[in-house]
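Read the figures in this text as sums done on the coordinates, not as results from a lab. Quantities reported herein were computed from a predicted structural model and do not represent experimental measurements. No Cβ is skipped: glycine too gets one built from the backbone with ideal geometry, and neighbour counts run over all protein chains shown.
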Amino acid sequence: MKKSISALLCAGLITITFTACSSADSFSDKETLSNDAERNSDIETTFNYGDGAVTAPTEYNSYSSEVSDFELKLFRNYYKNNSDKKSFVFSPANTTLTLSLMANGAAKQSQTNIVNALSDELTLDALNQCSSYFQSRLKAFSNDGTSTDEKDKNKEKAYLKLNQSIFFNDTVDIRKNFLTANANFYGSDIFRFVFSDENAVKKVNSVLGENAVSSLDNSNNLFCTSTSDVYDEWLTAYETDAVADGTFYSESGEKTVKYMTSAENYIHTSKAQGIIKYMRNTPVKFAAIMPNEDISLESYISSLTNLEYSDMLESFKITSLTNAAVPEFSIKSDGKPASLKSELEECGLADLFTDNINLSNITLSDDLFVNDISEIQPSITVNPVGVGGSESVKATVTANTLNKDSKKADGTLKFDRPFIFMLIDNESDIPLYIGTVDF
């Protein structure tokens, strides 16, 4: 009987700094296996942006397209299974990075199946290099105020965090090559400790957040955690007089909400219209997309392929503006893991959850298999100042975008019906967050 892996993807979590003098409630250096391997500083190998890799790998265009396609499949499946939720958000980019790291631990056909589900055009080496560049570039533009680096002290607070952690039971021997692959391309925190220890839950919660888990199953040998959080101001914030009450036509009836109005870049296809609004400090853009009146949200999401997504983004023109009214909204995490097993099976990863999985590139043991992959939904707040996650962005609204640009706008677009929103990486156009809004 193979033992199991459970993977949790969660948001809004706190970065922990580990020292040799850790308390019994946190992980020691000995338990932090990711300290045992150092990243190769050769940027031609790792393509780590923080080390100076300003040019993406040659396969990056394929990576961007393939990963976006996978994430949109995951979104379609997720919505189909959770269409009863009025508003939700999840981070498909975190799922992709978790699976990419897991591919390094799989072997033979199991490895091939994971890589092919993410992309049928990339090798594992290319997947690793592109993942490294993608994730490290986001990290390089992030500043959460905790850095001790002199060059970061004068940076404004802004970040988009995508972090992964792996927790091994102390009965598992970990291959050095897996730790090296992690150090070179992913930078995940990897811990090995006794799951049955009286302080085990407190140690895990010192990383995941207070009360994240209440118990650990000692019969399991491994679980993975991915975390996401966001905090940044708009490149051009809203005027104080650009926020006003208005009617939103929810599926459950009319609701009064606060609308934020400004001239924004217009995007469209034959099925939907939307806008792009850029963040100030991070390489991220916000997109809101609303189906045409004769197309339901459910119908549009079922047709939201990578082709539709690409057509939408390619319609962007810097000179094409519309006076867009977007409602303020906030989605709070309930802190509970939601399984993505069925959604991932529908994405071509059914073998991942069978006892035929081969994870011999993680450990010398052959008795591991993936039990479940789940996510704790991230929190997100969109307001006149910016986009926040575990904390809302708060500042004085001073920009004059409405008066400056409203005369240049070609039309108006009011998001007064259920719509999709995304946070998108500027360079690759890979979705970082995807969600829906209804009231």
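Data for the structure
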| read-out | value |
| --- | --- |
| Flagged links, alpha-carbon separation over 30 Å, of LYS202/LYS341; LYS85/LYS108; LYS80/LYS336 | LYS85/LYS108 |
| log10 of Debye I(q)/I(0), alpha-carbon scatterers only, for the range 48-124 at 0.11, 0.16, 0.23, 0.27 Å⁻¹ | -0.37, -0.71, -1.12, -1.26 |
| Charge dipole of the chain about the Cα centre (unit charges at C-beta), most positive-ward option of GLY253, ILE114, VAL437 | GLY253 |
| Order of SER215, SER83, SER226 under a 10 Å beta carbon neighbour criterion, fewest first | SER215, SER83, SER226 |
| Per-selection Kirkwood Rh - the range 141-280 (Cα, Å, 1 d.p.) | 20.0 |
| Among THR282, VAL201, GLN164 - extreme Cα towards positive end, dipole of the chain, charges at beta-carbon | THR282 |
| Mean projected area in nm² (Cα convex hull; one quarter of hull surface) for the chain | 20.8 |
| Amide H contacts under 5 Å for THR363, placed H, 5+ residues apart | ARG175 |
| P(r) of the range 245-379 over all Cα-Cα pairs, binned every 10 Å from zero, in whole percent | 9, 24, 31, 20, 11, 5, 0 |
| Neighbourhood net charge (15 Å Cβ-Cβ; Lys/Arg +1, Asp/Glu -1) for GLY274 | -2 |
| Karplus-derived 3J(HN,Hα), 6.51/-1.76/1.60, for each residue of the range 233-239, Hz, glycine and proline x | 8, 5, 4, 10, 6, 8, 5 |
| Distant-in-sequence amide H partners of ARG417 (H built 1.01 Å from N, under 5 Å) | TYR249 |
| At least 18 Å along the helix axis (C-alpha) and Kyte average at least -0.5, DSSP helices within the chain | 92-105, 124-140 |
| Over 23 Å (Cα to Cα) - which of LYS73/LYS317; LYS73/LYS157; LYS277/LYS394; LYS255/LYS394 fall in this group | LYS73/LYS317; LYS73/LYS157; LYS255/LYS394 |
| Likely footprinting exposure, SER339, SER299, fewest C-beta neighbours within 10 Å first | SER299, SER339 |
| DSSP beta bridges in the chain [antiparallel fraction, %, rounded to 5] | 75 |
| For SER339, residues with placed amide H under 5 Å, excluding near neighbours | GLU375 |
